[in-house]
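A.B. asks: Here it is: the structure, laid out below.
The values are calculated or read from the model by the stated rules, or taken from the named source; none is laboratory data. Remember, predicted model here, so these are calculated numbers, not experimental data. Here the Cβ is made from the backbone with ideal geometry for all residues, glycine too, and neighbour counts use every protein chain on show. In case anyone asks, the SASA skips ligands and DNA or RNA and just uses the protein heavy atoms, side chains included. Shrake-Rupley method; radii C 1.70, N 1.55, O 1.52, S 1.80 Å.
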Amino acid sequence: MTIGAIVVDGVSKRFRLERNRPSSLKEAVLRIARTRHTDEFWVLQNINLDIAPGSFFGLIGHNGSGKSTLLRLMAGIHRPTFGSVEATGRLSALLELGSGFHPDLTGRENVYLNGAMLGISRKQMSASMDDIIEFSGIGDFVDEPVKIYSSGMYVRLGFAVAVNVSPDILLVDEVIAVGDEEFQRRCLKHMDMLRDRGTTIVLVSHNTDLMAECHQVGWLDHGKLVKIGAPGDVVSAYLEMVDSSDNTLHTHNN
């Protein structure tokens, strides 16, 4: 039996949202004896996935459907409320703008910091540094604090680091959409190269053209895995739902 690179087994994730949060320390102290009012919000419900090693897996769904939360669970940033997530191999992730970067450190220092967090030596990161700088295209800005970077520079450097650490698993959220078209093409080309080397890639995107490149696609809706299968089938079903919702909204507005 083949063991998946990522196995998501019966995963549910709940967040607790506190209502009427205190606006000052005094108010917080006065409220200690009172009952706290919290709302429970289930972001994901009973998700089961088995992503094969070396596959390109896509996650699609509307904003708030739970895609990014699922990716964070795969990355080990969040823990599931119920169920388990197992990821096999070195995992690299580009989840949100500036994630993993310290704003006061330079780009170069952040590259070493990211490497250290992945268990990669300074010597190994130094060997990859020229490739990272070239791929990111940020030039001399690599020695400037990242807090002065534009959103595009953040993403380019973040992606360059994520793909140049020889990951077994690469998790990519919608952030590559921040880059220009030329950079997006380079990202996809590099992901193709990683896939050819056997890297497992999980990509979250609204871009149905990108989803068509995947081996398999999962569609999340309100925290539930509605459909999983061949890209064409899943994307068609998703777009049909989007069109139906748009038509319903249009009818109500007229």
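A.B. asks: By average Cβ neighbour count within 10 Å, what is the ranking of 165-175, 43-53 from highest down? Intermediate results must be reported in sequence, preceding the final value.
C.D. replies: Numbers: 165-175: 20.9, 43-53: 18.2.
Peptide ranking by packing, descending: 165-175, 43-53.
A.B. asks: When the convex hull of the C-alpha atoms of region 79-178 is computed, what volume per residue in Å³ does it have? Provide the component values of the computation, followed by the final result.
C.D. replies: Details: hull volume 10.4 nm³, N = 100.
Dividing the Cα hull volume of region 79-178 by its residue count gives 104 Å³.
A.B. asks: Sticking with this structure for a sec: Go through 198-209, 114-125 and give me the packing order, highest mean Cβ count within 10 Å leading. Write down the numbers at each step before the final one.
C.D. replies: Numbers: 198-209: 19.6, 114-125: 14.7.
Going from most to least packed, we get 198-209, 114-125.
A.B. asks: Taking a cut-off of 18 Å between Cα atoms, list the aspartates and glutamates near LYS224, but don't count ones fewer than 8 places away on the same chain.
C.D. replies: ASP9, GLU40, ASP50, ASP233, GLU240
A.B. asks: How long is the gain from HIS215 to MET129 if the chain were fully straight, where each residue apart is worth 0.36 nm and the alpha carbon distance is subtracted? Write down the numbers at each step before the final one.
C.D. replies: Details: separation 86, 0.36 × 86 = 30.96 nm, distance 3.14 nm.
Value of the extension gain: 27.8 nm.
A.B. asks: Could you provide, to the nearest whole Å², the per residue accessible area of region 116-158 with probe 1.4 Å? Let's see the in-between values first.
C.D. replies: Working: 2410 Å² over 43 residues.
With all protein chains present, region 116-158 gives 56 Å² per residue.
A.B. asks: Mind checking which lysines have their Cα closer than 28 Å to the Cα of LYS189? Skip sequence neighbours fewer than 8 apart in that chain.
C.D. replies: Answer for LYS189, where 28 Å is the Cα cut-off: LYS67, LYS123, LYS227, listed by chain and number.
A.B. asks: While we're on this one: Between HIS222 and TRP42, 0.36 nm times their residue separation minus their Cα-Cα distance comes to what?
C.D. replies: Net length gain for the segment: 63.9 nm.
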